[in-house]
1. Give me the mean projected area, in nm² to one decimal, of the convex hull enclosing the Cα positions of the stretch A:60-165.
2. Based on the alpha-carbon gyration tensor of the protein assembly as shown, what equivalent-ellipsoid semi-axes (square roots of 5 times the eigenvalues) come out, in whole Å, largest first?
3. For labels at A:ARG30 and B:ASP55 in the simple 7 Å Cα→Cβ model, what's the distance in nm?
4. What does the charge dipole of chain B about its Cα centre add up to, to the nearest 20 debye, if the Cβ of each Lys and Arg holds +1 and the Cβ of each Asp and Glu holds -1?
5. With the Cα gyration tensor of the stretch B:155-216 in hand, give its eigenvalues times 5 under a square root as the equivalent ellipsoid semi-axes, listed largest first in whole angstrom.
6. Name the most mobile residue of B:VAL140, B:VAL207, B:VAL33, meaning the one with the largest mean-square fluctuation, in a Gaussian network model of chain B with Cα contacts below 10 Å.
7. Using only Cα positions of the stretch B:15-57, each an equal point scatterer, no hydration layer, compute I(q)/I(0) via Debye at q = 0.16, 0.23, 0.26 Å⁻¹ and quote the log10 values to two decimals.
8. Of A:MET108, A:MET244, A:MET67, which has the largest mean-square fluctuation in a 10 Å C-alpha GNM of chain A?
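Each value in this text was obtained by applying a stated rule to the coordinates, not by laboratory testing. Everything numeric here is computed off the predicted structure, so don't read it as measured data. Reconstructed Cβ throughout: ideal geometry from the backbone, glycine too, with neighbour counts over all protein chains shown.
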There are 2 protein chains.
Amino acid sequence: MITIAVDCMGGDYAPDEIVKGALWGAAEHRVKVLLIGQPSRIEALVAESPYRHVDYEVVEATEVIDMGETPASSIRKKKDASINVATRCVGEGRAQGVVAAGNTGAAMASAIFNMGRVKGIDRPAIAVHLPTVSRPFLVVDAGANADCLPEMLLQFARMGSIFYSAIHGVDNPRVGLLNIGEEPGKGNTFSVSGYKLLEEYDEINFVGNVEARHMYEQHAEVAVCDGFTGNIFLKTSEAVALLMLRMMKDAVNSGIRARAGGLLVKSALKSTIVKKVVDEETGGAILLGVKGLCVIAHGNSKAYAILNALGLAKQAIEQNVVEQMETKVLEGCM
Amino acid sequence: MITIAVDCMGGDYAPDEIVKGALWGAAEHRVKVLLIGQPSRIEALVAESPYRHVDYEVVEATEVIDMGETPASSIRKKKDASINVATRCVGEGRAQGVVAAGNTGAAMASAIFNMGRVKGIDRPAIAVHLPTVSRPFLVVDAGANADCLPEMLLQFARMGSIFYSAIHGVDNPRVGLLNIGEEPGKGNTFSVSGYKLLEEYDEINFVGNVEARHMYEQHAEVAVCDGFTGNIFLKTSEAVALLMLRMMKDAVNSGIRARAGGLLVKSALKSTIVKKVVDEETGGAILLGVKGLCVIAHGNSKAYAILNALGLAKQAIEQNVVEQMETKVLEGCM
């Protein structure tokens, strides 16, 4: 049976919503969960859950890393922090994956430290799904490496392709370089160099430069970029989606006729847009390039988001994403 | 009377929609327009216009720079291109400003070459308005300089502040550094260095790092960043706004009840969102740091967008934006 470690102490709504979501996820996705954190608090929450009969185990962790702490130093200082205990469970083979909603930097540093890097990968990267009108696309790197060398784009492209292919069943997914113009030669010196390297790299299906709209119009399945640009792309997308929802609400509230109509469309809107865009259903970010499956859920995750993060982790584990990385990345290096 | 040169040959809908918009703008904003391009085509369009009695002059330009051409070489090779004639009109004092909807790079290069840089400004930058639920904010640089040194952020901040203050009547507008985290020290090496410089620069009202959502929630009036990041920010915002509109449409069409409601909210949505977000009402981008007012409208501008571009140009000319740059930028350098 697949076992997934859940850091119950990280995230804005920890531990309540995390434990709730972990048990719900264990029931829904039929996995075993290791609930990492303060045993007394976790057991109390388990006792209240309708899913208390799932396969779970509580693993004690005496410390917690807060959102504001510096990742590298905090994971070293707080050896018994919940995120460290969780990633160690994967490193030691007690679990195949981890789900964490706390400090992203700390989760990353902890995963790299305790799970180790896939051979051939210099810098693990964060992959995030963004929605289109149909199938989502993947952005790599979405924030792990703020400063990048153009060469790193090759590994991002390779890891993104392997992951996308495994999760969505798409052979040879199209990879675009996120840029500010379509033609080769556009962009900054980083993207001009990156373009040349990607163009010559046979292990991926490179389709050239892509702008934001091309990704949202499904010209490619994977967008690669440095982690700074990827994070700007991700956060701008979220911010504009929220702005549009708010404007929509204001528009609907602006007149009696519109208001009457608004009530009718509300449910339709909610079911399509809100869930797609506001990330609760995408399951969270995945740290690619470490030896174990690591899903980093949004800091504001509630139970439903954790349920979906477990679903994503289970799917990736079933598809042997990590093993595929280990064999295919090495092939690509040869 | 204020005179504005309009490049009638640049843009996806040139010359028809450009000439239409220029005459409409001349009537609406009471300015004189110089219509730059092929006289016979322009005169034919003028003859059809309900605004043919406005104050206008046709200025011949025998060449056109296409969207795909390399900016620097094309403006040198095609001396008589419409964009060159238009910016020369400003350089020679025949007009105070120029409106162009063609090749952005060419417009920029041509404006710098023929109008000259404001003393103290090393690299002119593009400023773009983005909407919030109330007053828009400004992004500088939105794409003129793909590769930047951190020092350039100071001039972007200064120019953005002066422009925002002049156009929106806000004293000492708040300036944020567009970044991927709030705390000082977040981001890439460029933003870490830029933060330190901005923090010590007394000539602006620096409020620290801002993420996309902070700008959309009005934590600052001006966001500064390198031109690559600014362009990603801008294009992602546009792409997501369009995606959301499409999702909204799909949601509204997804069921009979929703459809009935959708018809009722449609007009409300159109009046608030579409016009605000789809850039027709913001007038376009402004090239800051050149000696003359230069509005670069979207390539897909139709008459209504050109009307608004003229409105923005007129307002900036009335507020003496260029003169303010010339005096205040120098003060800031002392």
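1. Dividing the Cα hull surface by four gives the mean projection, 8.1 nm².
2. Numbers: eigenvalues 469, 142, 107 Å².
Value: 48, 27, 23 Å, ordered largest first.
3. Modelled inter-label distance: 8.1 nm.
4. Dipole about the Cα centre, nearest 20: 840 debye.
5. Working: eigenvalues 87, 35, 14 Å².
Equivalent ellipsoid of the stretch B:155-216: 21, 13, 8 Å, largest first.
6. With Cα springs under 10 Å in chain B, the top fluctuation among B:VAL140, B:VAL207, B:VAL33 is at B:VAL207.
7. Ignoring solvent entirely, the Cα scatterers give -0.31, -0.66, -0.85.
8. A:MET244
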